[in-house]
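Everything on this sheet refers to the single structure shown next.
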Amino acid sequence: MKRVFSGVQPTGNLHIGNYLGALKQFVELQDDHECIYCVVDMHAITLPQDPKELRSHILDIAALYLAVGVDPSKSIIFVQSEVPAHTELSWILTCSSYMGELQRMTQFKDKSKGRENSSIPTGIFTYPVLMAADILLYDTDIVPVGNDQKQHIELARDLAIRVNNRFDKKIFQVPEGRFLKEGARIMSLDDPTSKMSKSAENEFSRISLLDTDAKIKKAIMRATTDSDAMVKFDVENKPGISNLLSIYSVFSGKSIETLEKEYEGRGYGDFKKDLVEVTIDAISPIRSRFEEIRQSEELLKVLDEGAEKANAIAEKVLKRTYDAFGMGRKRK
Ligand code: ATP
Ligand code: LTN
């Protein structure tokens, strides 16, 4: 069975972009793959987090994994900082990476824009190396993520190939990204030229998986569209309605062409009203399952067991890497 690994940062509640780009794939893959899903709290601290909120968000994300349908009897679910090998491998990979390749990462460029070198946190610079360590530590074949992570996956591949070539031996499995055709990049509702984000200031720019029905309705009814009122998919000229069409399509299972036909000549009002209904139908069961799981002792047990299993796999790969590099003393 091929192995799958992915992670989500505990920096806030998940939105439908996270769900449609990443989590939906987590669930689809678990029947015929060996899946490992991580709550990446080490990544979250690349920017300052309130300690109490971070602790709470870690459990929120783990509960959301379960609420969307990740099944702990099939998949391993764990918290990154509970497996020390992530930071250990990250250092080794840091010593195999170049400043130039990290400087080219668009996420780093975005997050450091307008700042002097002296005030750019080192963590946002080396973040993709830690992500590569996450992936390579489990001999991962497939990494299901949204489109925004393409460049980071490419770096993980480059680092794996570089180390393998250096020792002329397969130390690391070379992973591949898995991106969905629809949903891989859900855009912001108030600015459809930038991606929907947990951290954007305007809460109506996103739909969170834990939003109330009233909030979902308000966000969709307010969503930016153009003035010609034609329900047509055209990302370049009609980015707002195209984004809403993508969301409608993945939640309803209907193709974009079918939806275009259905709403021909009917304007945006009808379309948005129906989209509200489709979105609420998809999200409200997740919300009610979340409430139950988040309070349960079961959640803590799942994470304890997950960390134990993850540690066992990661230790082996870390030892293999230490042996290749000649680190420490030889042990059995
Ligand atoms: P944000 O920028 O929204 O604060 P993030 O990108 O920093 O969040 P994560 O929470 O770690 O990050 O992302 C989890 C998963 O969700 C990743 O696989 C990422 O590619 C995916 N993802 C994030 N935003 C979107 C989006 N707008 N559309 C599709 N997938 C997304
Ligand atoms: N950088 C990712 C989160 C992440 C991840 C990973 C995803 C950290 N480590 C390993 C897949 C595999 C993001 O979405 N911001």
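Taken together, the values in this text are just the output of simple stated rules run on the coordinates, not laboratory data. All values reported here derive from a predicted model rather than from experimental measurement. Glycine gets a Cβ as well: all are built from the backbone with ideal geometry, and neighbour counts include every protein chain shown.
Structure notes:
- Residues in segment 50-78 that a label on E292 would reach, taking backbone N under 17 Å of a point 7 Å out along Cα→Cβ: 63-73
- Each part reduced to its alpha carbon centroid, segment 191-251 and segment 13-92 end up 25 Å apart.
- Available extension along the chain between L54 and D158 is 34.3 nm, counting 0.36 nm per residue and deducting the alpha carbon span.
- Of S188, P175, G146, farthest towards positive along the dipole that unit charges on Lys, Arg, Asp, Glu beta carbons give segment 145-298: P175
- Each of the GluC sites (Glu not before Pro) that DSSP puts in a loop and that has at most 16 other Cβ atoms within 10 Å breaks the chain; the longest unbroken stretch is 1-115.
- Other residues with beta-carbon under 14 Å from the beta-carbon of R287 carry, at +1 per Lys or Arg and -1 per Asp or Glu, a net charge of -3.
- Rounded, prolate or oblate (a/c below 1.5 giving rounded, otherwise prolate when a/b exceeds b/c) for segment 261-332 by Cα gyration tensor: oblate
- Once Rg and the Kirkwood radius are both taken over the C-alpha atoms of the chain, their ratio Rg/Rh works out to 0.99.
- Exposure proxy ranking, count of Cβ atoms within 10 Å, fewest first, for C35, C95: C95, C35
- Here is the list for segment 179-209: trypsin sites (Lys or Arg not before Pro) lying in DSSP coil, each with at most 16 other C-beta atoms within 10 angstrom of its C-beta, are K181, K198.
- Under-5 Å amide H pairs with I77, H placed in peptide plane, nonlocal only: Y37, G306
- Near the amide H of Q9, within less than 5 Å, lie the amide hydrogens of V40, all on another chain or at least 5 residues away, with H placed in the peptide plane.
- Segment N311-R266, length gained on full extension (0.36 nm per residue, minus Cα span): 10.6 nm
- Point-charge dipole on Cβ atoms (K/R +1, D/E -1) for the chain, about Cα centre, debye to 20: 1120
- Of the chymotrypsin sites (Phe, Trp or Tyr not before Pro) found in segment 40-141, those that fall in a DSSP loop while having at most 16 other beta-carbon atoms within 10 Å are Y98.
- The chain: most fluctuating residue of P48, P239, P192 per GNM, C-alpha cutoff 10 Å: P48
- For the chain, share of DSSP beta bridges that run antiparallel, in % to the nearest 5: 20
- The Kirkwood hydrodynamic radius of segment 198-332, based on inverse pair distances between different Cα atoms, is 18.8 Å.
- Helix-only [θ]222 nm of the chain, DSSP H runs n ≥ 4, -39500 (n - 2.57) each, per residue, nearest 500: -16500 deg cm²/dmol
- Each of I207, V235, P285 was placed along the dipole of segment 166-312 (beta-carbon charges, centred on the mean Cα), and the one lying farthest toward the positive end is V235.
- Farthest positive-ward along the chain dipole, Cα basis, beta-carbon charges - from M327, C38, V302: M327
- Semi-axes of the equivalent ellipsoid of segment 80-212 are 29, 19, 14 Å, computed as sqrt(5λ) over the eigenvalues of the C-alpha gyration tensor in descending order.
- Hydrodynamic radius by Kirkwood, which averages 1/r over all alpha carbon pairs of segment 230-283, in angstrom: 11.0
- Estimated dipole of segment 1-111 in Debye, rounded to 20 [Cβ of Lys and Arg +1, of Asp and Glu -1, Cα centre]: 260
- Among L64, L130, L299, the largest mean-square fluctuation in a Gaussian network model of the chain, built with springs joining Cα atoms closer than 10 Å, belongs to L299.
- Charging the Cβ of each Asp and Glu at -1 and of each Lys and Arg at +1, and nothing else, the dipole of segment 94-201 about its Cα centre rounds to 220 debye.
- FRET efficiency for E182 and M327, using Cβ-Cβ distance with R0 set to 45 Å, rounded to 0.05: 0.50
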